[in-house]
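Chemist: Structure provided below as structure tokens; questions to follow.
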Amino acid sequence: MKQVLISFWVIFLFANTICGVMASAQSITGQNEDRHSPLIWRVHDGKRPLPPVVTPPTYMNPDQPATPPSDAVILFDGKDMSAWRTMDGSPAKWIIKDDVMESVRGAGYVRTLQGFGDCQLHVEFATPTPAQGSSQGRGNSGVFLMGIYEVQVLDSYDNITYADGQCAAVYGQYPPEVNVCRKPGEWQTYDIIFKAPRFNGHGELIVPAFITVLHNGVLTQDHVELTGPTNWCSRSPYSIHPPKLPLALQDHGNPVRFRNIWIRELPATPDSPACRKQLILGDKILQRYVGAYNNPYGGQVQISLADGQLYADFPGGSADQPLYAESETRFYSAFVDAEYEFELKNDAVSGIKINITQGGWGEYSRKK
Ligand code: MG
């Protein structure tokens, strides 16, 4: 009998322990889901809890921009906006004042000339002082990874708005873990790690985008899975896009200032084709290359343009090879070891030199 009782208590205690572990795991998971899952909350849900306010650390000197690492691509160092364009590829219309770049109401978003996929990004920004407006109308801008996925920039210092639209939110999806905003006019930092979504050849999503954000040195987004592109009042599904696209900054009508913007492509292996420099030139420049080209031996190549992407088509051979720009005239194939150099004569495109698998340059003249 004694043995039966001991066995009973062993089983009871064991079962209790297991149930306790399961119960606590469930409550932790449940809490996380409540807090983090954008699917539980409506877009811009006013009942969604606001993150707690946290005073930012003081180890960073707000008057002294952080020094970029040596392998970073410098996007803005106070000198000029040569790394930036308006969205259609024309010169950027934001202003530079006192080594700082400032958004201009009505000038539109600015985007980088270069495209980026996976990256580590550093941005410093300051919202206007004295503060003007309220809610989404106060110090609104945004950092758009790939020009599509927004980390909100907003003056959230003593400024209430919906949780998924405040500063350091993944707009419309995830409020920040904490509100660590500095006062209007004070310099603030974003350090962002972004993993671009992956699509298969049929345009289907294979891996969603992920984002991690440190705002003023404090973790505000912890590797959250993006539900799709950023939109106001909706959560759109993913749709296929190139592996690299420009970074964009938003003009939302408020004069938000930016300085010291740098980016590191990930993984940091400069020789990998995935890390090769890729410019996003815009249709106006790309359109001039569209046409048929012949070489003296009867070879042909057709260059076409669709959705901002240049393609090379060799009739009877390799079809529709996407071409990425390394400069305004130099391109490379996305999938084959092939280099393209367009030749200009009096500003008109006269031909292309093509080097396939490093076998030497072949000359193609533009068909009249
Ligand atoms: Mg915004």
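The values are calculated or read from the model by the stated rules, or taken from the named source; none is laboratory data. Computed from a prediction, not measured in an experiment: that's the story for all the values here. Here the Cβ is made from the backbone with ideal geometry for all residues, glycine too, and neighbour counts use every protein chain on show. Heads up: the accessible areas ignore ligands, DNA and RNA and are worked out on the full protein's heavy atoms, side chains in. Shrake-Rupley method; radii C 1.70, N 1.55, O 1.52, S 1.80 Å.
Chemist: So if I check each of Gly89, Gly108, which one is within 16 Å of the ligand (Cβ to nearest atom) and under 21 Å from the mean Cα position of the chain (by Cα)?
Modeler: Checking each option against the conditions leaves just Gly108.
Chemist: Filter region 56-97 down to the residues that are part of a loop (DSSP other than H, G, I, E, B) and of a type in the set (Lys, Arg), then identify the one that is nearest to Ser156 (Cα to Cα).
Modeler: This residue is Lys93.
Chemist: Same structure, new question: Look through Glu204, Glu177 and report the one residue that is more than 16 Å from the ligand (Cβ to nearest atom) and in contact with a strand residue (DSSP E or B) (Cβ under 7 Å, 6 or more places away or on another chain).
Modeler: Only one candidate passes the filter, namely Glu177.
Chemist: Right, next: On the given criteria, is Ile285 open to solvent by less than 20 Å² (accessible area, probe 1.4 Å), more than 16 Å from the ligand (Cβ to nearest atom) and within 30 Å of Glu341 (Cα to Cα)?
Modeler: In short, no.
Chemist: Sort through Tyr162, Tyr149 and tell me the only one that's touching a residue at least 24 places away in the same chain (Cβ under 8 Å), within 16 Å of the ligand (Cβ to nearest atom), assigned by TED's automatic domain parsing to the domain that holds Ser90 and over 24 Å from Val54 (Cβ atoms).
Modeler: Tyr149
Chemist: In this structure, is Tyr238 crowded, with 16+ Cβ neighbours inside 10 Å, in contact with a Gly (Cβ under 7 Å, 6 or more places away or on another chain) and not in a strand (DSSP E or B)?
Modeler: Criteria met by Tyr238.
Chemist: Shifting gears a bit: Restricting to region 134-146, name every residue that is surrounded by fewer than 22 Cβ atoms within 10 Å (Cβ to Cβ) and more than 13 Å from the ligand (Cβ to nearest atom).
Modeler: Ser134
Chemist: Looking at region 101-119 only, could you name the residues that are of a type outside the set (Asp, Glu) and part of a loop (DSSP other than H, G, I, E, B)?
Modeler: Ser103, Val104, Arg105, Gly106, Ala107, Gly108, Tyr109, Gly117
Chemist: Which one is surrounded by the fewest Cβ atoms within 10 Å (Cβ to Cβ), of the residues in region 180-201 that are more than 16 Å from the ligand (Cβ to nearest atom) and assigned to a strand (DSSP E or B)?
Modeler: Here the answer is Arg198.
Chemist: Could you check how many residues of region 120-170 are assigned to a loop (DSSP other than H, G, I, E, B) and β-branched (Val, Ile, Thr)?
Modeler: Selection size over region 120-170: 5.
Chemist: Could I ask something else about it? Please go through region 205-222 and give me each residue that is under 18 Å from Thr189 (Cα atoms), open to solvent by 20 Å² or more (accessible area, probe 1.4 Å) and assigned to a strand (DSSP E or B), ordered by number.
Modeler: Thr212, Leu214, Val218, Leu219, Asp222
Chemist: Do we have any residue at all in region 4-26 that's under 36 Å from the mean Cα position of the chain (by Cα), exposed (fewer than 14 other Cβ atoms within 10 Å of the Cβ) and at pLDDT below 85?
Modeler: There is at least one residue in region 4-26 that is under 36 Å from the mean Cα position of the chain (by Cα), exposed (fewer than 14 other Cβ atoms within 10 Å of the Cβ) and at pLDDT below 85.
Chemist: Report, by residue number, each residue of region 159-186 that is aliphatic (A, V, I, L, M) and within 23 Å of the chain's Cα centre (by Cα).
Modeler: The answer is Ala163, Ala168, Ala169, Val170, Val178, Val180.
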